[in-house]
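Shown next, in structure tokens, is the structure this report addresses.
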Amino acid sequence: MVPPLDEDNYYETDEILIIHHYSTPLESVSRIHIEQLSEVADIEQKENLEENLYKYESKDKKYVPLPDDMEYYDLAEEEFHDIPEEMIVPPTFDIFEGLSRLIEHPFLLCDIHMNTRFELYDNTNPEVSPETVRQSDDEIEPEQVYETPYDLADEYPDAVEHILQEHPNRYEILTISDVNKRQTKDALYPIFATFVKELAELIELEYPDSESLSSAIDGVALKNWQENKGTKTEVHISEFLGLGDITDLISNSNKLLATCGFESSGECREKMSDIKEYRNRVMHANKSLIHDKEELSQLIQVIDNMDNIITEVQDIE
């Protein structure tokens, strides 16, 4: 049975019918999302800001979003600034795309209504009504589809005001400080783990015999492999390699350098050093992931570098 359509989910005049649907894009299901880091935003109406400013100052807030006016107030600068469209994202926005946008913007606003679509129907058609459209199984085609409330508001502001009436906790905010939350490290860990795994497998292909590789490494990796050697749980020596060992092996081999897309040993060591630094920050709960936007930019570059290296390796394989 199709559930009844709440009157707040549609807008109707003699000429048009607009139906409001919540949706979750299929491609976003397996991702880590902005909503897992963001917090409920304290938003304000511009006309009330002056009398309520003390509330934000007492909470040590840096910014006051004014989404109805597409502006925000910077408490430190005591100035209003525009909120461009790219600062407003849906709850299912990919976390890494969000981190990239934080380099350019002071914060992001997560709008729960961005995961919606609005279907416009010709209400002069006698077959069109809120219930018939709801139950038609796509037999009645909409005249037009709007993917966000902001698109719809350009043409039908009254419809948006009616359908999206005041919603508690509609907006959440993401600032640079949220990047240091545990959830960000949880999202990054598989990326670093996969990176090390791919390079270790590359080295195993180059040195299928563990003995031939044992003379090229030392330290903990060699010790652990020797203790494991000859037991029922023996694995290839590449399984014990740390990022430092992997860097040494790649940087000393022209073939491996080329396979990974490095132009020189120096480039390899520089990029791998940055990767190791942020891998260590991800692995240790007592380390901050970033301290400022410069380091956020470095983190994004490290992620891009890892992706480029693995792409080069997989293209060769």
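Assorted remarks:
- Computed from Cα positions, the angle between helix 265-283 and the longest principal axis of the chain comes to roughly 60 degrees.
- Computed from backbone phi with θ = phi - 60° and the Karplus coefficients 6.51, -1.76 and 1.60, the 3J(HN,Hα) list for region 246-257 is 4, 4, 4, 5, 5, 5, 9, 10, 4, 5, 5, 4 Hz; x is used for glycine and proline.
- Here the extension length gained between ILE43 and GLU211 equals 54.1 nm, from 0.36 nm per residue of separation less the Cα-Cα distance.
- Nearest-ten-degree value, helix 182-206 long axis tilted from longest Cα axis of the chain: 40 degrees
- Estimated vicinal HN-Hα couplings, Hz - region 145-155 in sequence order (Karplus 6.51, -1.76, 1.60; Gly, Pro = x): 10, 10, 7, 9, x, 6, 5, 5, 5, 4, 10
- Shown here: mean projected area of the Cα convex hull in nm², derived from the displayed model; of the candidates (1) 23.0; (2) 23.9; (3) 21.4, it corresponds to (2).
- Rounded to the nearest 10 degrees, the angle from helix 95-104 to the longest Cα principal axis of the chain is 80 degrees.
- For the pair ASN286 and ARG182, label points projected 7 Å from Cα toward Cβ lie 1.6 nm apart.
- Once the mean of 1/r is taken over each pair of separate Cα atoms and inverted, region 181-316 shows a Kirkwood hydrodynamic radius of 15.8 Å.
- Which listed pairs, of LYS197/LYS255; LYS197/LYS293; LYS185/LYS229; LYS62/LYS181; LYS197/LYS271, have C-alpha distances above 23 Å, in listed order: LYS197/LYS293; LYS185/LYS229
- Where labels lie 7 Å past Cα in the beta-carbon direction, separation of ASP218 and THR311 in nm: 3.8 nm
Every number here is computed from the coordinates shown, using simple stated rules; none is lab data. Everything numeric in this text was worked out from a predicted model, so none of it was measured. We place every Cβ from the backbone using ideal geometry, glycine too, and count neighbours over all the protein chains shown.
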